[in-house]
Amino acid sequence: MKNETALAALLVAATTGSAVAQVAVRAGTLHTVSGAPIENAVVIASADGRIEWVGPAAEANIPDGVDVLEAAVVTPGLVDARSVVGLSGALNSNVGPVRDQDQLERSSPLQPDLRAIDAYDANETLVEWVRSYGVTTLHTGHGPGALVSGQTMIAKTRGRNVEQATLMPVRMLAATLGNAVSSNFQSPGTSAKGIAMLRSALHGAQAYLDQVRKAEEAGGDENEGDNGDDEEDGDAKPSPQPPPRDLSKEALGQVLDGELSLLVTANTVAEMASALRLQQEFGFDLVLDSAAESYLLLDEIREAGVPVLLHPTMSRVRNGSYETAAQLADAGIPFAIQTGFEGYVPKTRVLLWEAAIAAANGLGMERALEAVTLSPARILGIDDRVGSIEVGKDADFALFDGDPFEYTSHICGVIIESEVMSAECR
């Protein structure tokens with residue numbers, strides 16, 4: 001009761017005041033993830049949203065006037081490595097004024113120019129729902145089902161609009177191989193056709209980049225309209241001109257230049273092998289998504305240095321296994337557990353429960369917690385801000401009344417950048 005009263009008071013202050021207050025959390029067990037758990041610990045968060053101090057309660061110097069929350073267990077805020085929440089809503093409607101399914105555009109199988117930030121709804125019910133289960137950071141955006149469905153983004157599960165929520169406006173370009181594409185589009189109809197179309201698009205983007213660079217090197221922008229004639233040399237060649245702007249080729253070009261990763265949804269050995277060949281051919285940064293049969297391709301994935309955003313443990317993927325997470329971890333392959341996309345309400349799974357199943361099937365508690373906190377943060381390149389409880393990082397916490405992976409435990413508080421977002425036990 002004391003814990004809930006303190007949380008409620010802070011929630012009122014956070015929602016009515018103009019500034020976030022400093023806050024401290026006392027934990028029976030504090031899982032920093034970056035180090036060993038600390039028993040009877042305190043973490044102090046500053047008003048600027050960052051972690052100020054972490055350590056044993058006996059050594060804590062909590063400033064006067066700072067509200068102190070208490071919880072049996074405290075973890076970093078969870079990081080969902082792959083989601084469509086914010087583009088996909090709770091109503092499961094594709095028509096009319098209540099349309100809330102924007103994760104897949106079916107007018108063309110290749111649409112790399114689509115941006116997640118143009119569809120993300122920070123006020124969507126599902127954003128609040130996943131936050132209430134401890135998720136404070138989302139890697140979300142256009143979902144599987146198109147050869148290239150669009151761009152992804154990284155957001156915090158707070159804010160009244162996309163600008164307030166955005167942590168990284170563009171992070172990856174989402175692609176899909178296999179039957180999921182042919183079920184949505186007439187072409188490509190086969191896996192080989194899909195790879196051929198994707199290779200062609202990448203080669204086209206490379207040619208586009210070459211044209212742009214040649215024009216820049218020759219000062220083509222400055223000489224636009226100049227035929228290149230020179231009074232002293234009538235044989236001078238015209239300066240190369242930049243091609244008309246092409247947003248699709250620009251996005252694919254960012255993949256080729258290493259500015260964006262290519263996130264490839266692939267589940268079978270054949271699909272994953274094709275993705276690895278593409279990566280070898282073009283040299284881009286590849287991330288495997290879902291990867292149901294990855295336990296059959298461990299050596300190849302490890303040798304390629306490719307991370308895996310593993311399908312939800314309990315999702316209905318063909319040849320999926322509860323033990324895949326443990327096998328990836330044992331093989332030394334960087335991976336994270338995700339919630340993915342479901343074709344029915346509520347359109348997403350509960351990340352905490354998915355990790356718990358993996359923990360019970362060989363992964364263990366510590367590695368399972370890392371798979372939904374620090375590991376996805378590292379793969380996404382945001383581990384300087386989220387994923388563990390360390391001084392200087394964002395003050396994002398999930399507060400529990402027991403073991404986070406025990407079914408009877410509840411989440412009794414969620415804090416994002418020192419702001420108390422939830423005071424209700426679930």
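Observations
- From the list Ala24, Ala58, the lone residue that is loosely packed, with under 15 Cβ neighbours inside 10 Å and either farther than 19 Å from Glu419 by Cα or at pLDDT 95 or above (or both) is Ala58.
- Candidate set from the stretch 146-182 (those that are closer than 25 Å to Ala273 by Cβ, outside any strand (DSSP E or B) and among the polar types (S, T, N, Q)); member that is most open to solvent (accessible area, probe 1.4 Å): Asn179
- Only one of the numbered conditions (1) of a type outside the set (Phe, Trp, Tyr); (2) touching a residue at least 40 places away in the same chain (Cβ under 8 Å); (3) within 21 Å of Thr140 (Cα to Cα); (4) in contact with a Ser or Thr (Cβ under 8 Å, 6 or more places away or on another chain) is not met by Glu342, and that is (2).
- Among (1) modelled with pLDDT under 95; (2) surrounded by 24 or more Cβ atoms within 10 Å (Cβ to Cβ); (3) not hydroxyl-bearing (Ser, Thr, Tyr) - the single one Leu78 does not satisfy: (1)
- Contacts under 8 angstrom Cβ, first residue in the stretch 271-293 being without any contact (Cβ under 8 Å) to a residue 40 or more places away in the chain, partner of a type in the set (Gly, Ala, Ser) and assigned to a helix (DSSP H, G or I), 6 or more apart: Met272/Ser294; Leu276/Ala304; Gln279/Ala304; Gln280/Ala304; Leu286/Ala275; Leu286/Ala304; Leu288/Ala275; Leu288/Ser294
- Subset tally (residues that are within 10 Å of Gly362 (Cβ to Cβ) and β-branched (Val, Ile, Thr)) for the stretch 317-332: 1
- Scanning the stretch 105-119 for residues that are open to solvent by 20 Å² or more (accessible area, probe 1.4 Å) and closer than 18 Å to Ile154 by Cα gives Asp113, Leu114, Arg115, Ile117, Asp118, Ala119.
- Only one of the numbered conditions (1) in a helix (DSSP H, G or I); (2) open to solvent by less than 10 Å² (accessible area, probe 1.4 Å); (3) not aromatic (Phe, Trp, Tyr) is violated by Gly143, and that is (1).
- For the stretch 219-249, filtered to residues that are crowded, with 16+ Cβ neighbours inside 10 Å and over 27 Å from Phe284 (Cβ atoms), the residue that is modelled with the highest pLDDT is Gln241.
- Residues of the stretch 388-410 satisfying the condition of being closer than 16 Å to Thr137 by Cα and in contact with a strand residue (DSSP E or B) (Cβ under 6 Å, 6 or more places away or on another chain): Ser388, Ile389, Lys393, Ala395, Asp396, Phe397, Ala398, Leu399
- Tally of residues being over 30 Å from Ile382 (Cβ atoms), out of contact with any helix residue (DSSP H, G or I) (no Cβ under 6 Å at 6 or more places or on another chain) and of a type in the set (Gly, Ala, Ser) across the stretch 164-193: 5
- Restricting Phe400, Phe341 to those that are surrounded by 19 or more Cβ atoms within 10 Å (Cβ to Cβ) and farther than 20 Å from Leu309 by Cβ reduces the list to Phe400.
- Taken together, the residues in the stretch 268-312 that are open to solvent by 10 Å² or more (accessible area, probe 1.4 Å), more than 17 Å from Ala81 (Cα to Cα) and touching a Ser or Thr at 6+ places or on another chain (Cβ under 8 Å) amount to 5.
- Count - residues of the stretch 313-338 that are open to solvent by less than 40 Å² (accessible area, probe 1.4 Å) and within 15 Å of the chain's Cα centre (by Cα): 4
The values are calculated or read from the model by the stated rules, or taken from the named source; none is laboratory data. All of these numbers come straight from a predicted model, not from anything done at the bench. No Cβ is skipped: glycine too gets one built from the backbone with ideal geometry, and neighbour counts run over all protein chains shown. When the accessible area is computed, the model is the full protein with side chains, heavy atoms only, and any ligands, DNA or RNA have been set aside. Shrake-Rupley method; radii C 1.70, N 1.55, O 1.52, S 1.80 Å.
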